[in-house]
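Q: Just dropping this structure here.
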Amino acid sequence: MIVDGHVVLASDRVIPREYLEEQAANVHHRLAAHGQDVDRAAITERLLAIHSDHDGDRLVAELDAAGVAGAFLVAADFSHVSPRATPPDELARLHDRVCRRHPGRFRVFWGVDPRAGAGGPEEFERTVTEYGFAGLKLYPPAGYSPSDRRLYPYYEICAARGLPVLTHTGPGWAPLDFTYGPPLLVDQAARDFPAVNFVLGHGGVTHVEEASYLCAHRPNVHLDVSQFPSMLAADGWVAHLNRLFRSGINHKIVFGTCWPSYRMSTTLPAVLAAFTKDGVFAGVRPSHQRMIMGETILRLAGDPVAATTPGGHQ
């Protein structure tokens, strides 16, 4: 069973429009550098059209086509850095509606920001109690460290409820501060909250050595491989992931795609086609493959399926 630990609802209600416009500008710059005469407005229009899947129907169809049984929706809080960001309470209702529309298909990592003030932790706990959200999502490039002390009340809730924390690492949307991207910034929080499992989002793609180092030496630190199609490796992302999966930390690795980030260049079935014993998983034990492709993220989220799936680990 494949479970994607990191997908995003392709909606401009989830990702502020100016971030999508910046992404389109970056695509245009790359194409122009290669001598391709492509209209920037056309790229922007296409990207915005991709981000109109407000109810998740297209995402579910893509997951079906790729054989992905379930996924964790990642909902970042951009309300403190973008005037166009959807307010957190409205964003929570949107994700709850998507989950209800597609029963049993999605779980949600809910985004918070330490600048939310004293009421923030209570609001986060409400989303867990009322909507059943599965964990906490941080987006440090919005302007804070994952070890910011203002986040500790949230971590106390996660510790008490057994909820994981997924924190973005590496670069992010162009207008934001990449100095908050290094994985090592989570180390203080991981030490202060040993009962909380932290997942380094994109840790298998950027700052990989640093992320792997943390996973190897901190029992409560994990990484996901989301955004792997953008891996900057001379021999490509398939060879890179194969090396990662043979590095001895497979019990700490979560499969994730960050789909639909690559809809403009590929399809989800095409991406998943490389996850074979002759491709990404060459030389990787079947039991390790199962951990990576779903068991570990389900275990971190407290799902008993992780213990009962054939080959499950307790």
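The values are calculated or read from the model by the stated rules, or taken from the named source; none is laboratory data. None of the values given here were measured: they were computed from a predicted structure. As a convention, Cβ positions derive from the backbone with ideal geometry for all residues, glycine included, and neighbour counts pool all protein chains shown. With ligands, DNA and RNA removed, areas are computed over all heavy atoms of the protein, side chains included. Shrake-Rupley method; radii C 1.70, N 1.55, O 1.52, S 1.80 Å.
Q: Which one is nearest to F106 (Cα to Cα) among residues in region 32-57 that are of a type in the set (A, V, I, L, M, F, W, C) and touching a residue at least 12 places away in the same chain (Cβ under 8 Å)?
A: Looking at residues that are of a type in the set (A, V, I, L, M, F, W, C) and touching a residue at least 12 places away in the same chain (Cβ under 8 Å), I get I50.
Q: Against the definition (of a type in the set (D, E), at pLDDT 95 or above and either under 21 Å from C258 (Cα atoms) or outside any strand (DSSP E or B) (or both)), how does D77 come out, yes or no?
A: In short, yes.
Q: Can you name every residue in region 207-231 that is touching a His at 6+ places or on another chain (Cβ under 7 Å), open to solvent by less than 50 Å² (accessible area, probe 1.4 Å) and in a loop (DSSP other than H, G, I, E, B)?
A: S226, M231
Q: Given the conditions (1) open to solvent by 20 Å² or more (accessible area, probe 1.4 Å); (2) hydrophobic (A, V, I, L, M, F, W, C); (3) assigned to a helix (DSSP H, G or I), which single one is not true for L94?
A: (1)
Q: For L272, indicate whether it is in contact (Cβ under 8 Å) with a residue 24 or more places away in the chain, in contact with a strand residue (DSSP E or B) (Cβ under 9 Å, 6 or more places away or on another chain) and either over 17 Å from V284 (Cα atoms) or open to solvent by 40 Å² or more (accessible area, probe 1.4 Å) (or both).
A: It is false that L272 is in contact (Cβ under 8 Å) with a residue 24 or more places away in the chain, in contact with a strand residue (DSSP E or B) (Cβ under 9 Å, 6 or more places away or on another chain) and either over 17 Å from V284 (Cα atoms) or open to solvent by 40 Å² or more (accessible area, probe 1.4 Å) (or both).
Q: Return the residues of region 46-67 that are at pLDDT below 90 and either at positive phi or surrounded by fewer than 13 Cβ atoms within 10 Å (Cβ to Cβ) (or both); say none if nothing qualifies.
A: A49
Q: Separate question: Assess whether A92 counts as being modelled with pLDDT under 95 and not basic (K, R).
A: No; evaluated as a whole, the condition is false for this residue.
Q: Tell me, which residue of region 116-158 that is under 27 Å from V98 (Cα atoms) and of a type in the set (D, E, K, R) is most open to solvent (accessible area, probe 1.4 Å)?
A: Filtering region 116-158 for residues that are under 27 Å from V98 (Cα atoms) and of a type in the set (D, E, K, R), the one most open to solvent (accessible area, probe 1.4 Å) comes out as E122.
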